[in-house]
Amino acid sequence: MKHIRNFCIIAHIDHGKSTLADRLLQHTGTISERQLQEQTLDDMDLERERGITIKSHAIQMEYAIDGEKYVFNLIDTPGHVDFSYEVSRSIAACEGALLIVDATQGIQAQTISNLYLALEHDLEIIPVLNKMDLDSAMPEEVTEQIVDLIGCDPDDVIPASGKTGKGVDEILKAVVERVPAPKGDPEAPLQAMIFDSVFNSFRGIIAYFRILNGTIRKNDLVKFVNTGRKYGADEIGVLKLDMEPRKELSAGDVGYIISGIKQAKEVKVGDTITLVDRPCGQAIKGFEDVKPMVFAGIYPVDTEDYEELRASLEKLQLNDASLVYEPESSAALGFGFRCGFLGMLHMEIIQERLEREFNMTVITTVPNVGYRATTTNDETFEVNNPSELPDPNHLAMVEEPYIKAQIITKSSFVGQVMSLCIDKRGNLTNQVYLTSDRVELSFDMPLGEIVFDFYDKLKTISKGYASFDYHPIGYKESKLVKLDILLNGDQVDALSALIHRDNAYDLGKRICAKLRELIPRQQFEIAIQAAIGTKVIARETVRAVRKDVTAKCYGGDITRKRKLLEKQKKGKKRMRQVGNVEIPQKAFMAVLQLD
Amino acid sequence: MAGIYIHVPFCRQACHYCDFHFSTNTKLKAQLVDAIVKEIAQRRNYLPTKSISTIYFGGGTPSLLSKDEISKILDALRSHFDVDDDAEITLEANPDDITADVLREWKSLGINRLSIGIQSFLDEQLKWMNRAHNAEEALSSVKSAQEAGISNITIDLIYGLPGLSIDEWENELARVLEMNVPHVSAYCLTVESGTALGHWVAKGKEKPIDEDAANAQFLNMVDVFSQNGLEQYEVSNFGRTEFYSQHNTSYWKGVPYLGLGPSAHSFDGKNRGWNLANNPAYIKAIEAGETPFTTETLSTTDRLNEYIMTGLRTKWGIDFQVMRERFDFDFEDQYRDVIDRIIEKGWASLTDGNLVLTRKGLFRADGIASDFFILNHED
């Protein structure tokens, strides 16, 4: 056990985590040049395209120094706020963490909150200054930030470059010297924590775990403590570039288990694996049932594809347990599903995966957070869809979820950031200067204001120099009203949104204007209205198309024109007819694109 | 049966709205004609037939070619193809190039149809468009052609011009009728990017087309022409029955054509290709014996879509029998509900197994065509 080192990487998106991880794999001979695809640890296409790791993975390396052989388990962590619970479990599986900071950019909010998580779990932090090959690197300044944060010696900070390979040796040595070997008793009852799971179409769900105490052997009968389910350990092993089966694994080891599980929801990140015959006294702390933060309706563009959409969602849920859905119906869109997501990125990923992997063309309605409504009869229930909000006459109170937002920015942008947050109904609770030039601002804000365009706006006003993280802090009562949208007098339930009363007029106007842009002209005039209850607060008109034929169509025009009409036909296929109005997919997200 | 198109990519000056391929630098004219002659030889086997029933000199401004230059091209065509004795041979000409002398020359070369680029009879509008002629030249050019014994004349008109009132337009139409030409092509002004007009509209210096005014002018024109024997046989083309453009009609009926010269498009029945739209590069390629040609194979559904798209623009509509035989596609069966819907709306009618758009339907021909499109890869 004293030759095992378990560690993770904490880094902000784009700070070069994946490239540096590749270097470690290369240097330890875990992976050959030939096998080295860019960003080896991210094996979903989508992940590679987005340049972020959506799901955490783990890989084992062997490293020899001074005649001693060490086994390293690198546990990769996702870098987006949507997946912060998964990050916390990855951190809980380690004894050390590489803190990778881009030397050209400095520390970002996401890094800090993950760093705090790591410190809470007593992880040994190895700070690494990455991208030192760039001219714009500011080693002194960024080192100072790191020293301030974790109280280390400036000499402990390792200058590195994923691109050139600089510092890789030092990092590997530091892992051996500074990260403590795991503790734990191989003879104690088995206690292993699941920190991730993946779906394999041939083998079912593969759970990744870290053993804290005890030993697991192939064919053991195991129990997952929180779900209470029992399985046979059909195969266990370690995670190299491919899975390598083992006969047994014990305290300190990181490995995988295959036990014929078909559905991802049976394997909950943070759950404890123990033996049925000799169970551990208690489960590992920190387990949470992850709850969705954002809800939206997903509907097939073609109503006939409803059953196919259900099947696709079922399959998606097999490998993404954080996706929840239940059937709902909309007067405008027919039958579909109300889905719950961890956040906006998660929602986008699901939508893209439906399109790419299942070839489903779907309409996603305006996302909303989960509200809590109390009726005049004193009944309280969750409202995950604006149209479920009780009639104003029966409504005693609406509460909406609040978050604590942490924003780190350059001091020169503090003014803009504050006015944005206040605009989004935020309440400044704290302001700390991390260095003379960097400020950490804390706000209490409604989650509903974050899910829309907050993050993009923050990036824009701070010219990219602001980072953001948040944690839920409970519900607060709020003056929310339901804003309805009517097309030619008919209410389109899928376009309704709950918004704060003070913003209703302004938003109503802007939504109507945006819809006018997004709804193509049709054979008749279309009136777009925003209303609260029966009161219309804004109106726009889409003029009728009178003529839809180009003047010329000769030898040289035919190809171009055919392609144009093909494109139009494809566009029409992506539209949904509501009443007699054809609405394009993207109009249902109009609220998100108001500027 | 097949057609040949020759693109003459030169103009004296650039019209502000035009996005066709042309150059106002005419230094390369002689070289380019030689290149076209070479291209004729190179591509003599492109068409599935040798029999040529239409030849069309378009541009650009073909009337910038000298008698010898036109003659060289026609001689080369006649030596490599079987040009029908009564083939329709059209030359596009600008009014300011038309004189009694050149008319005689063109006639002697076998040109039997003139397409005269009048566009407008209003000097102010002609100036705004940057045309080289004035209204008087427009009138006299047609007269000269008629006097020279060329009866098959078509003129081009543009409506939807900025500030053009309905009264002015009616006046224009009256003048067309007075001239007694048997064919008119009339186009709505279109704002194309990459043109001076496109630039102005993008910059806000010029307003976008006033659609309501343009539509009113179009409807007015359709009425006036049909009352005076000029039948709307295609969205933008009006003519007396025996004076329909045979060459253009071939495009709409899927007849193969060979396009020669820079930017010209060709279609051999299965593939469509287009030449480089660059005069020096075109000449260089032809001289090096290379083909300045990009080609694209049309799938059966591509060809079916094109048949629907072009057919619906014409008074013949689309023929269910042809679609069954040529494309193995049962249109009636596939689109019963859409057909019923547009007939009910008064946009189409069924005549002798053809689906033909009505005057109201022609206004929406693109939208209707795209509703009938078959997509190759559903995505």
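Considering only B:VAL338, B:VAL102, B:VAL37, the mean-square fluctuation computed in a Gaussian network model of chain B, springs between alpha carbons under 10 angstrom, is largest for B:VAL338.
Test of the criteria: in the range A:418-493, which trypsin sites (Lys or Arg not before Pro) are in a DSSP loop and have at most 13 other Cβ atoms within 10 angstrom of their Cβ? Intermediate values should be presented prior to the final figure.
On the way: sites: A:LYS424, A:ARG425, A:ARG438, A:LYS457, A:LYS459, A:LYS463, A:LYS476, A:LYS479, A:LYS482; in loops: A:LYS424, A:ARG425, A:LYS463, A:LYS479.
Those satisfying the criteria are A:LYS463, A:LYS479.
A Gaussian network model of chain B, with springs between Cα atoms under 10 Å, assigns the largest mean-square fluctuation among B:GLY60, B:GLY239, B:GLY194 to B:GLY194. Rounded to 0.05, the FRET efficiency of the A:THR541 and B:THR358 pair, given R0 = 30 Å and the Cβ-Cβ distance, is 0.60.
Using the beta-carbon distance between B:GLU325 and A:ASN359 and R0 = 41 Å, what value does 1/(1 + (r/R0)^6) give for FRET efficiency, to the nearest 0.05?
On the way: r = 33 Å, r/R0 = 0.81.
About 0.80, to the nearest 0.05.
The percentage of C-alpha pairs in the range B:300-372 whose separation is greater than 15 Å is 47%.
Only sites in a loop by DSSP and with at most 11 other Cβ atoms within 10 Å count here; which trypsin sites (Lys or Arg not before Pro) in the range B:13-51 make the cut?
Numbers: sites: B:LYS27, B:LYS29, B:LYS38, B:ARG43, B:ARG44, B:LYS50; in loops: B:ARG43, B:ARG44, B:LYS50.
Answer in residue order: no site qualifies.
Looking at chain B, the accessible area is 42 square angstrom per residue; that uses a 1.4 Å probe and ignores ligands, DNA and RNA.
Starting from the residue with the highest accessible area, list B:SER53, B:SER165 in decreasing order, probe 1.4 Å. If you can, show how the numbers build up before the last one.
Values: B:SER53 20, B:SER165 45 Å².
Most to least solvent-accessible, the answer reads B:SER165, B:SER53.
Report, to two decimal places, the Cα Rg of the range B:252-300 normalised by 2.2 N^0.38 Å (N = number of residues).
Working: Rg = 11.7 Å, N = 49, 2.2 N^0.38 = 9.7 Å.
Working it through for the range B:252-300, the quotient is 1.21.
What you get for chain A, charging only the Cβ of Lys and Arg (+1) and of Asp and Glu (-1), is a dipole of about 2300 debye around the Cα centre. Only Cα pairs under 8 Å and 6+ residues apart enter the sum, and on that basis the relative contact order of chain B stands at 16 percent.
Highest-first packing order for the peptide set B:121-129, B:137-145, A:206-214 is A:206-214, B:137-145, B:121-129, based on the mean count of other beta carbon atoms within 10 Å. Nearest 10 degrees is fine. How inclined is helix A:504-518 to the longest principal axis of chain A, computing both from alpha carbons? Value to nearest ten degrees: 90.
Our analysis of the range A:486-595 gives Rg over Rh at 1.07, with the two radii drawn from alpha carbon positions and Rh computed by the Kirkwood formula. For the range A:52-143, the Kirkwood estimate of hydrodynamic radius, built from reciprocal distances between every pair of different alpha carbons, is 14.6 Å.
Please work out how much length the chain gains when fully extended from B:ASP84 to B:LYS270, using 0.36 nm per residue of separation minus the C-alpha to C-alpha distance, in nm with one decimal.
Working: separation 186, 0.36 × 186 = 66.96 nm, distance 2.37 nm.
Difference between extended and current length: 64.6 nm.
Can you pull the percent of Cα pairs in the range B:174-289 with separation above 22 Å? More than 22 Å apart: 59 percent of the Cα pairs in the range B:174-289. For q values of 0.15, 0.23, 0.27 Å⁻¹, compute log₁₀ I(q)/I(0) with the Debye formula on a Cα-only model of the range A:222-302, without solvent. Taking Cα atoms of the range A:222-302 as identical point scatterers yields -0.68, -1.26, -1.50. Just how far, in whole angstrom, is the range A:192-258 from the range B:252-278 if you go by their alpha carbon centroids? Value for the Cα centre distance between the two parts: 65 Å. Peptide B:249-256 has a mean shielding of 1, counted as Cβ atoms of other protein chains within 10 Å of each residue's Cβ.
Against chain A, whose longest principal axis comes from its Cα atoms, helix A:414-423 is set at around 50 degrees.
Peptide A:294-305 has a mean shielding of 0, counted as Cβ atoms of other protein chains within 10 Å of each residue's Cβ. Note every residue of the range B:339-379 with a reduction of at least 10 square angstrom in accessible area, all protein chains present versus the isolated chain, computed with a 1.4 Å probe, or write none. Those are B:TRP347, B:PHE363, B:ARG364, B:ASP366, B:GLY367, B:SER370, B:ASP371, B:PHE373, B:LEU375, B:GLU378, B:ASP379, which lose 10 Å² or more relative to the chain on its own. Estimated translational diffusion coefficient (Stokes-Einstein, Kirkwood radius over Cα pairs, 25 °C, 0.890 mPa s) of the range A:188-265: 198 µm² per second.
Spacing of the modelled spin labels on B:GLU287 and A:GLU326, each 7 Å from Cα toward Cβ, amounts to 7.8 nm. Only Cα sites of the range B:1-119 enter the Debye sum here, all with the same form factor; the resulting log10 I(q)/I(0) across q = 0.16, 0.20, 0.21, 0.22 1/Å is -0.76, -1.17, -1.27, -1.36, listed in q order. What the Cβ-Cβ distance of B:GLN13 and B:ASN278 gives, at R0 = 22 Å and to the nearest 0.05, is a FRET efficiency of 0.65. Distance from the C-alpha centroid of the range B:133-202 to that of the range B:333-368: 31 Å, rounded to the whole angstrom. Mind checking B:300-313 for the average number of partner chain beta-carbons within 10 Å of each residue's beta-carbon? Average neighbour count from other chains, rounded to a whole number: 3.
Each principal axis of the Cα atoms in chain A has its own extent, and those three values, largest first, are 83, 71, 56 angstrom.
Taking the 1.4 Å solvent-accessible surface of the range B:300-372 as the whole, the part contributed by carbon and sulfur is 43%. For B:LEU260, the residues whose modelled amide H falls within less than 5 Å of its own, excluding neighbours fewer than 5 places apart on the same chain, are B:TYR5, B:ILE6, B:HIS7. Here the average projected area of the convex hull drawn through the C-alpha atoms of the range B:251-379 stands at 9.5 nm². Taking 0.36 nm per residue of separation and subtracting the Cα-Cα distance, full extension of the segment from A:LEU241 to A:GLU170 would add 23.2 nm. Paramagnetic label reach from A:ASP490 (point 7 Å along Cα→Cβ; backbone nitrogen cut-off under 20 Å): within the range A:561-593, residues A:572-590.
Ranked from largest, the principal axis spans of the Cα set of the range A:354-438 equal 52, 45, 17 Å.
Here the alpha carbons of chain B define both size measures, Rg and Dmax, at 21.1, 59 Å. To the nearest ten degrees, helix A:558-573 and the longest principal axis of the Cα atoms of chain A are 80 degrees apart. The lysines within cross-link reach of B:LYS345, meaning a Cα-to-Cα straight distance under 23 Å and a gap of 8 or more places when in the same chain, are A:LYS547, A:LYS569, A:LYS572, A:LYS573, B:LYS315, B:LYS360.
Within the accessible area of chain A, what % is carbon and sulfur when the probe is 1.4 Å and the other protein chains stay in place? Solvent-exposed carbon and sulfur of chain A make up 47 percent of the total. In order along the range A:189-204, the Karplus-derived 3J(HN,Hα) couplings, from 6.51 cos²θ - 1.76 cosθ + 1.60 at θ = phi - 60°, round to x, 4, 9, 10, 9, 7, 10, 6, 8, 10, 9, 10, 5, 8, 10, x Hz, and Gly and Pro are given as x. The alpha carbon centroids of the range A:318-352 and the range A:362-433 are separated by 20 Å. Sorting A:HIS394, B:HIS80, A:HIS500 on solvent-accessible area from highest to lowest, probe radius 1.4 Å, gives A:HIS394, B:HIS80, A:HIS500.
On full extension of the chain, what length is gained from A:GLU517 through A:SER411, given 0.36 nm per residue of separation minus the C-alpha to C-alpha distance? Mind dumping the intermediate values first?
Values: separation 106, 0.36 × 106 = 38.16 nm, distance 3.75 nm.
Net length gain for the segment: 34.4 nm.
Any idea of the total accessible area buried by the A-B contact, 1.4 Å probe, rounded to 100 Å²? Mind dumping the intermediate values first?
Details: alone 27000 and 17520 Å², together 41100 Å².
Separately minus together, A and B give about 3400 Å² buried.
The values are calculated or read from the model by the stated rules, or taken from the named source; none is laboratory data. None of the values given here were measured: they were computed from a predicted structure. Quick reminder, even Gly has a Cβ in these numbers, built from the backbone with ideal geometry, and neighbours come from all protein chains shown. Areas reflect the complete protein model, heavy atoms only, side chains present, ligands, DNA and RNA absent. Shrake-Rupley method; radii C 1.70, N 1.55, O 1.52, S 1.80 Å.
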